[in-house]
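Here is the structure we will look at.
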Amino acid sequence: MHVTETAEKIKRMEIRGAGRIARAAVEALVSQAGILTARDLPSFRKGMEEAAAELVATRPTAVSLPNAVHLVMAAMEDAGTVTEARERVKERGEAFLRSSAEAVHRIGEIGAHHIRDGDTVLTHCNSEAALACILTAHREGREIEVFATEVRPGNQGLLTLRVLSDAGIPTHYIVDSAVRHYMNGIDRVIVGADAVTVNGAVVNKIGTSQVALAAHEARTTFIVAAETYKFAPRTILGELIEIEERDPAEVLAPAEAARLPGVRVHNPVFDVTPAAYVDLIVTEEGAIPPALAYLIIRDHLGWSLGEFHKTFQIDHRDQV
Ligand code: RI2
């Protein structure tokens, strides 16, 4: 698929889910590298950079998107010719697609260990990483039931219901505001992530922090399933994750809103769950407490504070 078509689909959320968005962007970059006609390396790079910028600008919150795009673009760094650059983008892109799929599989295996026979699990939104844990536990023979939320306003809960129903897992469908009502009967909450910050806070679909709060109050284990490329390197520098605000029309029909002139409708689609409410983050490298988020950013994404200082030529003395 071409870059612009992919970008439009991501914006409209026809392609959605932090992992899927990253993979679609990488596929678009690989395809762009294949079709870009450039006489020399600088113009090839420029064409690729424009494509990367268009993809990254689609949605601001899921850090999987800039992380994956950065990884693929960095493959061109020491290419000497257009052919070489094209080849490297292709190789790196394909490697990312393979490792991203493997990561979900591995997260499923690791996360499933945290689901016991007889458990009732609650999930919010539609996360392939979180579902991988639930599906693996079910495949391994654990008898489980799942509560899945509706997820206003996008109703991504329906996507989750289809996956669970296809797998034959007994499932309960509830509106988002019913979470606390049921929480005492829930053994595990498992959700995905769009971003994990250096201090272990988790950015995920709006409502996740309320689910976490209810889980915390009920002493229910709260697990996040997130590939390492969802960890946000730039939060080391104190950068905040931008919370996407979508069209208010997704929340209240424009005709209805027009009759309510004094009312402003808000539609933030993500929220931040503090690390204190997160028991475990399951990555493909293993399950970690949120306090170890920096290690993932440093050891698996290759970004440390020193790296930032070099890359952005920050003078250490200015930082103190
Ligand atoms: P996986 C989604 O965002 C949800 O917030 C979900 O929990 C998260 O991405 C991670 O999804 P959106 O695109 O990568 O629906 O685990 O706004 O599939």
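The values are calculated or read from the model by the stated rules, or taken from the named source; none is laboratory data. On a predicted model such as this, the values are computed, not experimentally measured, just so you know. No Cβ is skipped: glycine too gets one built from the backbone with ideal geometry, and neighbour counts run over all protein chains shown. Heads up: the accessible areas ignore ligands, DNA and RNA and are worked out on the full protein's heavy atoms, side chains in. Shrake-Rupley method; radii C 1.70, N 1.55, O 1.52, S 1.80 Å.
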Test: HIS181 is open to solvent by 50 Å² or more (accessible area, probe 1.4 Å), in the same structural domain as ILE296 (by TED's automatic domain parsing), closer than 30 Å to HIS105 by Cβ and over 16 Å from the mean Cα position of the chain (by Cα) | no
Could you tell me which residue of the stretch 138-157 is nearest to GLU250 (Cα to Cα), considering only residues that are away from the ligand (no atom under 12 Å from the Cβ), open to solvent by 10 Å² or more (accessible area, probe 1.4 Å) and under 24 Å from the mean Cα position of the chain (by Cα)?
-> ARG152
So which of ILE236, ILE296, ILE314 ends up being outside any helix (DSSP H, G or I) and either within 24 Å of the chain's Cα centre (by Cα) or modelled with pLDDT under 95 (or both)?
-> ILE314
Out of ALA215, ALA193, sole residue that is modelled with pLDDT of 95 or more and part of a helix (DSSP H, G or I) | ALA215
Would you mind stating whether ILE10 is open to solvent by 60 Å² or more (accessible area, probe 1.4 Å), out of contact with any Gly (no Cβ under 9 Å at 6 or more places or on another chain) and aliphatic (A, V, I, L, M)?
-> no
Identify the residue in the stretch 275-285 that is farther than 23 Å from ASN126 by Cβ and under 17 Å from the mean Cα position of the chain (by Cα) and, among all such residues, is most open to solvent (accessible area, probe 1.4 Å).
-> GLU285
What's the number of the condition ALA132 fails, among (1) within 16 Å of the ligand (Cβ to nearest atom); (2) surrounded by fewer than 22 Cβ atoms within 10 Å (Cβ to Cβ); (3) over 27 Å from HIS266 (Cα atoms)?
-> (2)
Exactly one of ARG246, ARG234, ARG259, ARG264 is open to solvent by 70 Å² or more (accessible area, probe 1.4 Å), under 22 Å from VAL69 (Cβ atoms) and either away from the ligand (no atom under 16 Å from the Cβ) or outside the structural domain of ALA74 (by TED's automatic domain parsing) (or both), and that one is ARG234
Do the conditions hold for ASP119, that is, is it open to solvent by 10 Å² or more (accessible area, probe 1.4 Å) and more than 16 Å from the ligand (Cβ to nearest atom)?
-> no
Is it the case that MET48 is closer than 27 Å to GLU244 by Cα and outside any helix (DSSP H, G or I)?
-> no
Scanning the stretch 13-41 residue by residue, the ones that are surrounded by 21 or more Cβ atoms within 10 Å (Cβ to Cβ), in contact with an Asp or Glu (Cβ under 8 Å, 6 or more places away or on another chain), of a type outside the set (A, V, I, L, M) and in a helix (DSSP H, G or I) total 1
Does the stretch 69-89 contain at least one residue that is within 16 Å of the ligand (Cβ to nearest atom), open to solvent by less than 10 Å² (accessible area, probe 1.4 Å) and under 30 Å from ALA215 (Cβ atoms)?
-> no
Any idea which residue in the stretch 205-219 is farthest from the ligand (Cβ to nearest atom), counting only those that are open to solvent by 10 Å² or more (accessible area, probe 1.4 Å) and in contact with an Asp or Glu (Cβ under 9 Å, 6 or more places away or on another chain)?
-> GLN210
